[in-house]
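Read through the structure below, which is laid out as structure tokens, and then see the notes.
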Amino acid sequence: MSRIAASFARLRAGRRKALVPFITAGDPSKEATVAVMHALVAAGADLLELGVPFSDPMADGPVIQRSSERALARGVDTNYVFACVREFRERDAQTPVVLMGYLNPVEMRGIDRYAAEAVAAGVDGVLLVDLPPEEAAPMRAGFSAQGLDLISLAAPTTSPARLAHLANDAQGYVYYVSFAGVTGASGIDVADVAKRAGALRAIAKVPVLIGFGIKDATSAALMAPIADGIVVGSALVESLATAQSPATAAESARAFLAPLRQALDALA
């Protein structure tokens, strides 16, 4: 059983909702990334999404765009991201790590090489924002051959036919975008999300997580009951942006995430 599947099996057994934080690799500093990853797990994260900085992050709002720009200016690249996961695995062999980014860096490396190096580093899955489901088969096959999950992304604008196709092929989990927009924006209609996410959960073979617009314990508690868990990104990234050292970044990460964990556990 993969780390992702095992993590969700433990959550189901405990009737708990998944808490999945997103951070940008290399921000607030290259030295802080692994310390923040460990701090998030200590604060209750069940799975980590590690953003791979990209020069044209079209799905990301201004907070994550700026974090990517800062990380790129520090020289963060795929090699650095893999190195962070390898270092994280020295102390944590259990928590799943999913890379979230864009197609170009994978294509530049080649699917087979990228997948092999990712798995060797300890990566469990990859979510590629700009990979259309209809064109994902070669990527999924190459990743699957190495034991790497290709995580699918769904949105309110996803057509029923595409949603059915996506749900059938999904691996690891499905990331459901709560509204049409970019990361960090507001405007969640809970009733509409509940209807759409519920329909997706009914046909998906894997858990469904909800992301976009989740900023704090209150919004996490609103969204978690209608999914298998939640993803929090922009608000966390923003809370880390001014940290002056790895230690202060780690403490900021713990302080941000702990209330969300408490809110989700109160739902059990």
Matching residues in segment 220-248 - criterion: being touching a residue at least 12 places away in the same chain (Cβ under 8 Å), assigned to a helix (DSSP H, G or I) and more than 12 Å from Leu267 (Cβ to Cβ): Ser234, Ala235, Leu236, Val237, Glu238, Ser239, Leu240, Pro246, Ala247
Ala199 versus (1) crowded, with 16+ Cβ neighbours inside 10 Å; (2) of a type in the set (A, V, I, L, M, F, W, C); (3) within 29 Å of Ala224 (Cα to Cα): which is the lone unmet condition? (1)
Do any residues in segment 118-146 that are at pLDDT below 95 have Cβ atoms under 8 Å from those of residues that are basic (Lys, Arg), where the two are at least six apart or on different chains, and which pairs are they? Pro133/Arg162; Glu134/Arg162
For segment 63-78, pairs from a residue that is more than 21 Å from Glu107 (Cα to Cα) to a residue that is part of a loop (DSSP other than H, G, I, E, B) and of a type in the set (S, T, N, Q), with Cβ under 8 Å and 6 or more apart or across chains, are Val63/Thr183; Ile64/Thr183; Arg74/Ser29
Selection from segment 82-103 of residues that are farther than 16 Å from Leu150 by Cβ and either among the aliphatic types (A, V, I, L, M) or touching a residue at least 40 places away in the same chain (Cβ under 8 Å) (or both): Phe82, Ala83, Cys84, Val85, Glu87, Phe88, Arg91, Asp92, Ala93, Gln94, Thr95
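For segment 205-219, does any single residue satisfy the condition of being under 20 Å from Ala5 (Cα atoms), at pLDDT below 95 and assigned to a loop (DSSP other than H, G, I, E, B)?
Yes, segment 205-219 has at least one match.
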Subset tally (residues that are in a strand (DSSP E or B) and not aromatic (Phe, Trp, Tyr)) for segment 22-73: 6
Where residues in segment 23-38 are crowded, with 23+ Cβ neighbours inside 10 Å and among the hydrophobic types (A, V, I, L, M, F, W, C), which of them is nearest to the chain's Cα centre (by Cα)? Ile23
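Residues that are outside any strand (DSSP E or B), under 28 Å from Pro259 (Cβ atoms) and among the hydrophobic types (A, V, I, L, M, F, W, C): does segment 147-168 have at least one?
Yes; the residues of segment 147-168 include at least one that is outside any strand (DSSP E or B), under 28 Å from Pro259 (Cβ atoms) and among the hydrophobic types (A, V, I, L, M, F, W, C).
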Might you let me know whether segment 4-11 holds any residue that is assigned to a loop (DSSP other than H, G, I, E, B) and of a type outside the set (D, E, K, R)? no
Being charged (D, E, K, R) and within 15 Å of the chain's Cα centre (by Cα) narrows Asp124, Asp112, Asp92 down to just Asp124
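The values are calculated or read from the model by the stated rules, or taken from the named source; none is laboratory data. A quick note: this is a predicted structure, and the numbers were derived from the prediction, not measured. Cβ: placed from backbone, ideal geometry, glycine included. Neighbour counts: every protein chain shown.
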